[in-house]
Amino acid sequence: MLAAHDLAARRGFAQLFAGLAFRVDPGSALLVTGANGTGKTTLLRILAGLTAPTAGAVHWNGALVAPFDPSLRAAVAYAGHAPALNDNLTAGENLASLAALGGTPASDDQLRAALDTVALAAQRNLPARVLSQGQRRRIGLARLVLSSRPLWLLDEPVTALDAAGIGALTDLVRRHLDGGGLVVAATHVTLDLPAARVAELALG
Amino acid sequence: MSASPVAGAVWPAFRWALARDVTLAFRSRMELAVQLLFYALVVVLFPLSLPPDGALLAAVGPGVLWVAALLASLLALPRLLAADYHDGTLEQIALSPYPLAALVSGKIAAHWLTTGLPLVVLTPLFALPYGLDGEAIVVLAAGLALGTPILSLLGAIGAALTLGARGGGSLLALLILPLYAPVLIFGAGAADAVRAGVGAGAHLSLLGAGLLVAIAAAPWAAAAAVRIALD
């Protein structure tokens with residue numbers, strides 16, 4: 001369970017949000033909406049433990065977590081703006097490298113299956129530099145599948161994805177929720193998820 | 001959920017970062033070659049600017065090689081962390097359950113293997129234009145072997161501190177070159193001591209001690225700086 005109490009954040013001198021409180025239970029998703037510059041990315045970075053809020057606290061499974069807390073690092077799969085792909089590594093190498101970095105090295109079969117779920121099996125041996133933005137996003141989705149982390153933090157996950165890609169993303173999120181996972185996503189597009197599972201948090 | 005089972009795994013973390021960065025360095029062999037060529041050019045151009053005096057060349061040779069090594073190490077520093085910072089990999093590295101200092105150590109080791117080690121190995125070749133004798137070459141190579149890892153370790157702190165700063169590259173040079181001064185003094189001093197006939201033991205011991213201190217402290221400092229840069 002992820003809970004936030006009285007969260008506040010600022011960017012420079014501008015107050016982004018204050019007094020934010022919410023709770024995300026296993027099997028449910030929180031969609032963070034709001035105009036550009038209202039602090040969606042900052043909120044996700046706070047939840048990921050990359051940055052500290054100016055006020056308030058984040059609790060993971062009942063325990064207070066500070067930035068870079070080991071228990072949070074073991075639970076979070078964070079997909080930020082930048083897809084964390086190196087242009088000189090192939091799609092498969094990037095994915096294998098990120099999976100190993102997350103502490104869950106993937107076997108060859110697992111890699112192939114993960115790339116298959118996002119329809120990138122044919123691009124496995126292409127260097128990331130020749131992939132389109134949407135294909136790079138898809139590698140990010142494949143990484144989520146391999147990570148086996150309970151808490152997914154997705155920053156604008158549908159950016160650059162085509163209809164099929166958004167469908168694949170929705171499927172992955174739904175399956176993750178079915179398995180008792182948690183999702184916090186900042187998005188402009190409403191994903192086709194069971195309404196009972198989804199809460200919305202509007203910023204700004 | 002408690003910490004991941006890999007939370008204390010220093011060696012796998014080190015190996016992951018080392019293997020990745022060495023692989024990447026060999027994917028862009030051109031950059032490696034340019035760096036080595038830069039070093040060779042500085043070392044070869046310098047004698048051309050001096051009077052053709054064997055004793056003078058032998059006297060300045062070690063110093064020139066050291067300054068060139070400093071600059072070559074500095075030239076490769078932006079690659080150490082900046083690329084990973086810009087493509088988002090550094091965020092994933094910082095969020096990894098592995099210890100961050102161990103991951104950073106692996107990156108530093110890869111930096112030294114691709115920038116420092118070639119200079120150490122090629123010292124006899126680069127010493128040729130200066131007519132250094134056998135003992136001076138050995139001491140120079142030993143000094144470089146002990147000193148260039150310190151350059152990579154200190155450089156990593158500077159590279160982490162200047163992440164995201166405007167004009168990061170030039171700022172990095174200003175920040176880190178003064179810190180390189182002691183390494184330069186003892187490294188070049190070792191070769192001078194041999195010429196003066198007093199033995200290089202003291203200088204090399206100090207370099208070795210410096211290396212141990214840097215190994216013990218620099219990865220943690222660089223890891224802390226990476227976390228600050230991501231905040």
Given a Förster radius of 41 Å and the C-beta distance between A:Q110 and B:W220 as r, what FRET efficiency does 1/(1 + (r/R0)^6) yield to the nearest 0.05?
0.75
Measure of compaction for segment A:81-148 (Cα Rg per 2.2 N^0.38 Å)
0.94
Förster radius 60 Å - calculated FRET efficiency between B:V60 and A:R175, Cβ distance, rounded to 0.05:
0.30
Distance-filtered residues of segment B:154-194 - backbone nitrogen under 15 Å, label point 7 angstrom along B:L71 Cα→Cβ
B:173-174, B:177
Computed [θ] at 222 nm, helices only, for chain A once each DSSP H run of length n ≥ 4 contributes -39500 (n - 2.57):
-9500 deg cm²/dmol
Angle check, please: helix B:54-87 long axis (alpha carbons) against the longest principal axis of chain B (alpha carbons), in degrees 0 to 90, nearest 10.
10
Distance in Å, no decimals, from the C-alpha centre of segment A:142-162 to the one of segment B:94-128 is 33
Counting all Cα-Cα pairs in chain A, those more than 22 Å apart amount in percent to 47
Find the centroid of the Cα atoms in segment A:45-115 and in segment B:187-207, then give the distance between the two in whole Å.
48
Shielding score for A:66-72, defined as the mean number of other chain Cβ atoms within 10 Å:
4
Fewest-first ranking of A:S71, B:S73, A:S107, A:S28, using other Cβ atoms within 10 Å as the exposure measure
A:S107, A:S71, A:S28, B:S73
Counting other beta carbons within 10 Å of each Cβ, put B:E135, B:E31, B:E91 in order, fewest first.
B:E135, B:E31, B:E91
Which residue, A:L47, B:T89, A:V32, has the largest displacement toward the positive end of the dipole of the protein assembly as shown when charges sit on each Cβ (Lys, Arg +1; Asp, Glu -1)?
A:V32
Taking the simple approach of a point 7 Å from Cα along Cα-to-Cβ for both A:D162 and B:L122, what is their distance in nm?
4.7
Note the full-extension length gain between B:A19 and B:D133 as 0.36 nm times their separation in residues minus their Cα-Cα distance, in nm to one decimal.
37.3 nm
Compute the whole-percent fraction of alpha carbon pairs in segment B:10-230 spaced more than 27 Å apart.
33
For chain B, what is the calculated [θ] at 222 nm in deg cm²/dmol (nearest 500), taking -39500 (n - 2.57) for each run of four or more DSSP H residues and dividing by its residue count?
-27500 deg cm²/dmol
Going by C-beta contacts inside 10 Å, put A:D178, B:D21, A:D109 in order with the fewest on the left.
A:D109, A:D178, B:D21
Counting other chain Cβ atoms within 10 Å of each Cβ in B:81-92 and taking the mean gives 5
Under 17 Å from a point placed 7 Å out from the Cα of A:A195 along the Cα-to-Cβ direction: which residues of segment A:19-34 have their backbone N that close?
A:29-31
Which chymotrypsin sites (Phe, Trp or Tyr not before Pro) does segment A:1-62 hold that lie in a coil by DSSP with at most 11 other beta carbons within 10 Å?
A:F13
Peptide-level mean, for A:74-85, of C-beta atoms on other protein chains within 10 Å:
5
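Readers should treat all values here as calculations from the given coordinates under stated rules, not as data from a laboratory. Here the structure is a predicted model, which is why all the values come from computation and not from measurement. Don't worry about glycine lacking a Cβ; one is built from the backbone with ideal geometry, like all the others, and counts go over all protein chains shown.
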